[in-house]
Amino acid sequence: MNQWFNEFYRHIACTELSHWLNTLPAQLQHWQDEARHGDMPKWQKVLNNLPELKASEINIQTKVQVGTNDDISDGQRKQLIHLLQRFMPWRKGPFSLFGIDIDTEWRSDWKWDRVLPHISPLHGRKVLDIGCGSAITCGVCAAKELSW
């Protein structure tokens, strides 16, 4: 699984986060070997079976949206719905994948909307989104050209 993180490791190697390369790979390997979620093998199998689809648009500023309804055929949609259901329950959202809206237990965008009026302006600041879930905070930061 550490190969999944290689691009991330290359990215942080040239930043002030590079010191994490001394410990993070070993921690992730330990998580993979000892502490990972019991459903991880099932999820990996589903991930490997997802079709390769080309998205006409990607939006992570207000929700995680990949592609539109028009990007895939009816057959691809049925296959995708079947595979996405194997990941249930979906914890944090919102997600829209190729026009398929996924019902989630928690709406991270609603949380962000409640927090934003109570924090000082973010322009020029660094933001650490611990346990980013559906990446709503990362999307907002990217939209505002912030570092995180």
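The values are calculated or read from the model by the stated rules, or taken from the named source; none is laboratory data. This one's a predicted model, so the numbers in the text were calculated from it and none came from an experiment. When we count neighbours, we look across all protein chains shown, and the Cβ atoms used for this are built from the backbone with ideal geometry, even at glycine.
Just give me the residues in segment 87-101 being surrounded by fewer than 17 Cβ atoms within 10 Å (Cβ to Cβ) and part of a strand (DSSP E or B), in sequence order. Spell out how you get there, then give the answer.
Initial filter on segment 87-101 (surrounded by fewer than 17 Cβ atoms within 10 Å (Cβ to Cβ)): 87-91, 99-101.
Matches in segment 87-101: I100, D101.
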Query raised in the report: Among (1) part of a helix (DSSP H, G or I); (2) basic (K, R); (3) under 15 Å from L97 (Cα atoms), which single condition is K54 missing?
Result: (1)
Report task. Return a yes/no flag: does segment 42-56 have any residue that is touching a strand residue (DSSP E or B) at 6+ places or on another chain (Cβ under 7 Å) and farther than 30 Å from E16 by Cβ. Result -> yes
Requested in this report: Run down S96, S108 and say which single residue is among the hydroxyl-bearing types (S, T, Y), at pLDDT 80 or above and in contact with a strand residue (DSSP E or B) (Cβ under 8 Å, 6 or more places away or on another chain).
Outcome: S96
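Per-residue answers, yes or no, for (1) closer than 30 Å to L116 by Cα; (2) surrounded by fewer than 11 Cβ atoms within 10 Å (Cβ to Cβ); (3) in contact with a helix residue (DSSP H, G or I) (Cβ under 7 Å, 6 or more places away or on another chain); (4) not acidic (D, E):
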{"residue": "C14", "(1), (2), (3), (4)": "no, yes, no, yes"}
{"residue": "N22", "(1), (2), (3), (4)": "no, yes, no, yes"}
{"residue": "N48", "(1), (2), (3), (4)": "no, yes, no, yes"}
{"residue": "E52", "(1), (2), (3), (4)": "no, yes, no, no"}
{"residue": "V64", "(1), (2), (3), (4)": "yes, no, no, yes"}
{"residue": "D71", "(1), (2), (3), (4)": "no, no, no, no"}
{"residue": "Q85", "(1), (2), (3), (4)": "no, no, no, yes"}
{"residue": "T104", "(1), (2), (3), (4)": "yes, no, no, yes"}
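Could you tell me whether segment 108-124 includes any residue that is in a helix (DSSP H, G or I) and within 14 Å of the chain's Cα centre (by Cα)? Lay out the reasoning, then the answer.
Of the residues in segment 108-124, the ones in a helix (DSSP H, G or I) are 108-118.
If we keep only those that are within 14 Å of the chain's Cα centre (by Cα) too, we end up with 108-109.
Checked segment 108-124: at least one residue is in a helix (DSSP H, G or I) and within 14 Å of the chain's Cα centre (by Cα).
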**Report entry** Filter pass, Q29 being surrounded by 11 or more Cβ atoms within 10 Å (Cβ to Cβ), under 25 Å from G139 (Cβ atoms) and at pLDDT below 95
**Finding:** no
**Report entry** Residue list for segment 134-148, restricted to those being of a type outside the set (S, T, Y) and either at pLDDT 70 or above or closer than 14 Å to Q61 by Cα (or both)
**Finding:** A135, I136, C138, G139, V140, C141, A142, A143, K144, E145, L146
Report task. Name every residue in segment 32-43 that is closer than 30 Å to S73 by Cα and loosely packed, with under 12 Cβ neighbours inside 10 Å, in order of residue number. Result -> D39, P41
Query raised in the report: Residues T15, T62: which one is within 30 Å of W110 (Cα to Cα), β-branched (V, I, T) and assigned to a loop (DSSP other than H, G, I, E, B)?
Result: T62
Query raised in the report: Across segment 80-134, what is the total count of residues that are over 19 Å from W43 (Cβ atoms) and acidic (D, E)?
Result: 4
